[in-house]
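Below: one structure, written as structure tokens.
The values are calculated or read from the model by the stated rules, or taken from the named source; none is laboratory data. Just so it is clear, the model here is predicted, and its values are computed rather than measured. Neighbour counts are summed over all protein chains in view; Cβ atoms, including those assigned to glycine, are modelled from backbone coordinates with ideal geometry.
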Amino acid sequence: MGKRPAGGSGRKASWRRERGHFILLMLTPAIVLLTGLILVPFVVGFGLSFTDYILSLPPARFAGFDNYMTLLSTPEFWGSLRVTLIFTVCSVVLQTAIGLGLAILLHEETRGVPILRAIYLLPMAVTPIAAVFTFRMMFNPSLGVFNHILMGMGLPPQDWLGTGNMALLSLILVDTWQHAPFILLIIAGGLASLPGDPFEAAKIDGATPWQTFRLVTLPLLKPFLAIALLFRSIDAFKTFDIIYVLTSGGPGTSTTTLNMYAYKQAIEFVSLGYGSSVAIVMLIIITIVTQLFLRRSRLLTVAES
Amino acid sequence: MTDRNKERFVLSRRAFTRSAFMAGTALAMPAIIGRSAFAQGGAGLEAYTSANVDWKRHAGTKIMVGGATHPWSNAVTPFIPQFTELTGIEVETDFRSETEFLTALPIKLASGSPTPDVFMYLAYGQGITAGWLEPLNAYYENKDLVDPAWYDEADILKSAREYPLWQNGERYAFAITAEAQTLYVNRGYLKEKGLDTPKTFDELLAAARALKSNDVAGIAMRAKAAGNATFPLTGFIYSYGGELVRDGRVAYDSPEAIAAVEMFTTLLREAGPIGVSNYDWYEALNDFMQGASAITSDTSNFATDISNPQKSKVAADAGFALFPTTGSRPAIPNMSCWQAAVNSKSNNKEAAFLFLLWATSKATSLQTSARGLATTRVSAWESEGFRSAFGQEAAQAALANLHNADAELAKRARFHPQSPQILNELAVGVSLALSGSETAEKAMKDAAAKANAQLRK
């Protein structure tokens, strides 16, 4: 009898140890992957950003904060930051408006809705690079289908990617085409999970559809909107494929975003030190903006009323 | 990707059986493919064994050849079994899209990877200062490796012979293709307007203006704001007497270079298609082949596609001409060679050298040129096989333009250790001048100042 409690705690202890081992075992792949793919490259990149390493002109020399000072004093950096912000804000706003609108329209279950929902989600299923190359062909001013349609309607052909503002607008449109379904998906999920009572109460109180949307649906959807906005903003901030394929940052530098700028420096010019400093600055900006967004907006809390 | 996976092959019993089967097949392949390749190209192994070269000295080794999916890799690959039969050296190839290959290669080489043993290469100066390329003079002088009489360097085009020659007299690569800027005109359109093929830039401008209509652009050339899109513009700058780089510093802000940029941007602004400021070679080539532009100027390699009636609507109308002049100076079209180098960290350097020696030899060039590849060999350029694959007139024009080109000028720009920055700023400057937001003079002065500020002293 005296031994029994001891045996029980022994079993408990070994069970705990086993459980510990099991958790460790289960976490190991994730930790190894995170360390190998995120932590190590980050530390290496951070270290490189304090050197003047150019792959083709070795060796790397320690340069202190030189890269960061150069960066903050170049008009190219500020220009790219401006382009990045315009691109991010415009495309995310446009996508949210379209995604939200479509989600609300598709929420009413009618016969055509499942098919429509599948069609609207298609852009997400297409390999991005293949879609962007197709857009490149469609934007082609002399042989592309967009101008063909415009001219068919008696309108003048457009230089879609040839002038600064137009190129930026075209990039925003492609990004919207590709990512509005993402917002649609999250919001549709949110709508499906909303409680029915507030809507019934609104109906009984005689609220118009617009009032119901503004005062009931939208506040309840806030957490979902917040997640969608956050994901999309971070993603749009570092968009690469669309810009690389369609404009390479041109004409001039009118569509050179920070990510394009970092790519040109680090990969095209093999200037790893300077390129890394651009990437680190991007990381800092994203972290700060995300934190501000999460703390200040209180979007992650559900409205009381 | 399958080639990559092979590296991580773990040998189990099943895998062993499978690889034994594959090895058996591979051993049999040279006999099968090799024979058919010889039949097509007209060269047997005797063309190589007659050389005083110890081909078998590295039999049993295996080398990896890295490169871009390109006419060169397409033309050489079918003949690789012949090399294996000749030398006993096995060859694994890893060819990817040009952009992917060129982006990944510097990172791989900088990490000290011993593979690929042989690789296609463009940014020669970068590779030399970084120490990635094996110096080859000692190999050329090794009598067991090279039989000078058989290899016959005098048969290599002068510009291609001079291309890999570095300032210190050392060679770090073999030139494997030769390209020169050529003028392409649509004879049908010219005839409708009663025009001749333009010989000077002023005639070119007049013709392009006259040919421009709502449906057809007078001229289309690549002018995108990316370093590699500066190829056509560079020929204009050289022919006006300008340079991209002088004494290691950027020099495209000289009055001559500015005049060239002025002509280039006027041509495209007044007679180009809409959206030309975003044109890469792909758009320039397609527009011409579809008859959407009447004139273009770019690498001589365009000829293969333009003359192919299956790809090109204008195959019958296309004319291939000399690059224009200012009227007072000789034309200096831009030129370029793809090169192939031996990895300085490779474990099989001699085997790699033998591969390049074989690939650039007279006999191999004769075989690959019959598939339309613009090799570096005069004998291959003159061969009947090449002329019929590439087109008689196209070959003549390309050869004449190659003859007019100045390898030294081209090398100074492209082999600068920071050549990507130099070309990028040029492209951005031209893009601004083309859009009309800045004058050619201001755009070029700003671009040169920006580029020079980035160069490491």
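Some notes on this structure:
- Counting only helices (runs of 4 or more DSSP H) that sit completely within the range A:148-241, those holding 3 or more residues that are modelled with pLDDT of 90 or more and in contact with a helix residue (DSSP H, G or I) (Cβ under 7 Å, 6 or more places away or on another chain) correspond to A:164-193, A:218-237.
- With respect to the conditions (1) under 30 Å from A:Gly249 (Cα atoms); (2) in the same structural domain as B:Asp147 (by TED's automatic domain parsing), B:Ser431 lacks only one, and its number is (2).
- The range A:135-155 - residue that is buried (at least 20 other Cβ atoms within 10 Å of the Cβ) and of a type in the set (A, V, I, L, M, F, W, C) and, of those, farthest from the other protein chains (Cβ to nearest Cβ): A:Phe135
- Exactly one residue among B:Ile156, B:Ile219 is among the β-branched types (Val, Ile, Thr) and under 30 Å from B:Ala341 (Cα atoms), and that residue is B:Ile156.
Condition check ((1) of a type in the set (A, V, I, L, M, F, W, C); (2) within 14 Å of chain A (Cβ to nearest Cβ); (3) more than 30 Å from A:Thr253 (Cβ to Cβ)) across all residues:
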site: B:Ala138; (1), (2), (3): yes, no, yes
site: B:Glu153; (1), (2), (3): no, no, yes
site: B:Trp166; (1), (2), (3): yes, no, yes
site: B:Lys193; (1), (2), (3): no, no, yes
site: B:Asp196; (1), (2), (3): no, no, yes
site: B:Ala217; (1), (2), (3): yes, yes, no
site: B:Ala223; (1), (2), (3): yes, yes, no
site: B:Ala229; (1), (2), (3): yes, yes, no
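- Filter result (under 22 Å from the mean Cα position of the chain (by Cα) and farther than 16 Å from A:Ala180 by Cα) within the range A:104-135: A:Ile129, A:Ala130, A:Phe133, A:Thr134, A:Phe135
- Residue pairs meeting the criteria (Cβ under 6 Å; at least 6 apart or on separate chains; first within 14 Å of chain A (Cβ to nearest Cβ) and of a type in the set (Val, Ile, Thr), in the range B:403-422; second buried (at least 24 other Cβ atoms within 10 Å of the Cβ) and assigned to a helix (DSSP H, G or I)): B:Ile422/B:Ala451
Conditions tested, residue by residue: (1) in contact (Cβ under 8 Å) with a residue 12 or more places away in the chain; (2) in contact with an Asp or Glu (Cβ under 9 Å, 6 or more places away or on another chain); (3) of a type in the set (A, V, I, L, M, F, W, C); (4) more than 27 Å from A:Ile129 (Cα to Cα).
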| position | (1), (2), (3), (4) |
| --- | --- |
| B:Lys56 | yes, no, no, yes |
| B:Gly67 | yes, yes, no, no |
| B:His70 | yes, yes, no, no |
| B:Thr77 | yes, no, no, yes |
| B:Phe83 | yes, no, yes, yes |
| B:Arg96 | yes, no, no, no |
| B:Thr115 | yes, yes, no, yes |
| B:Glu141 | no, no, no, yes |
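- The residue pairs whose first member lies in the range A:14-38 and is under 26 Å from A:Leu283 (Cα atoms) and at pLDDT below 90, whose second member is loosely packed, with under 10 Cβ neighbours inside 10 Å and not charged (D, E, K, R), and whose beta carbons are closer than 9 Å, counting only pairs six or more residues apart or on different chains, do not exist in this structure.
- For A:Ile242, the conditions (1) buried (at least 18 other Cβ atoms within 10 Å of the Cβ); (2) β-branched (Val, Ile, Thr); (3) more than 18 Å from the chain's Cα centre (by Cα) are fulfilled apart from (3).
- Residue selected from the range B:92-121 under the condition within 11 Å of chain A (Cβ to nearest Cβ) and buried (at least 18 other Cβ atoms within 10 Å of the Cβ), by the criterion farthest from A:Phe269 (Cα to Cα): B:Leu109
- Test result for B:Arg377, within 14 Å of chain A (Cβ to nearest Cβ), closer than 29 Å to B:Gln167 by Cβ and of a type in the set (Lys, Arg): no
- Index of the failed condition, B:Ala257 passing every other in (1) in a helix (DSSP H, G or I); (2) surrounded by fewer than 24 Cβ atoms within 10 Å (Cβ to Cβ): (2)
- The set of residues in the range A:242-288 being assigned to a loop (DSSP other than H, G, I, E, B), within 10 Å of chain B (Cβ to nearest Cβ) and of a type in the set (Ser, Thr, Tyr) consists of A:Thr247, A:Ser248, A:Thr253, A:Ser254, A:Thr255, A:Thr256, A:Ser271.
- In the set B:Thr296, B:Thr368, B:Thr304, only one residue is of a type in the set (S, T, N, Q) and modelled with pLDDT of 95 or more; that residue is B:Thr296.
- Any pair with Cβ under 8 angstrom, 6 or more apart, that starts in the range B:245-256 at a residue that is on the phi > 0 side of the Ramachandran plot and ends at one that is surrounded by fewer than 21 Cβ atoms within 10 Å (Cβ to Cβ): B:Gly248/B:Leu455
- B:Lys445 surrounded by fewer than 23 Cβ atoms within 10 Å (Cβ to Cβ), within 14 Å of chain A (Cβ to nearest Cβ) and either in a helix (DSSP H, G or I) or of a type in the set (Ser, Thr, Tyr) (or both): no
- Residue that is farthest from the other protein chains (Cβ to nearest Cβ), among those in the range A:156-180 that are free of Cβ contacts under 8 Å to residues at least 60 places away in the same chain and within 19 Å of B:Ala292 (Cβ to Cβ): A:Pro156
- Options B:Ala451, B:Ala413, B:Ala427: the member that is under 29 Å from A:Leu272 (Cβ atoms), among the hydrophobic types (A, V, I, L, M, F, W, C), assigned to a helix (DSSP H, G or I) and modelled with pLDDT under 90: B:Ala413
- From B:Phe355, B:Phe323, residue being in the same structural domain as B:Pro135 (by TED's automatic domain parsing) and either within 30 Å of B:Asp202 (Cβ to Cβ) or at pLDDT 95 or above (or both): B:Phe355
- Evaluating B:Asp280 against the criteria (1) within 14 Å of another protein chain (Cβ to nearest Cβ); (2) crowded, with 22+ Cβ neighbours inside 10 Å leaves one unmet condition, (2).
- Sole residue being surrounded by 22 or more Cβ atoms within 10 Å (Cβ to Cβ) and in the same structural domain as B:Lys445 (by TED's automatic domain parsing), chosen from B:Gly218, B:Gly194, B:Gly227: B:Gly218
- Hits in the range B:292-306 (condition: surrounded by fewer than 24 Cβ atoms within 10 Å (Cβ to Cβ) and facing another protein chain (nearest Cβ under 10 Å)): B:Ala292
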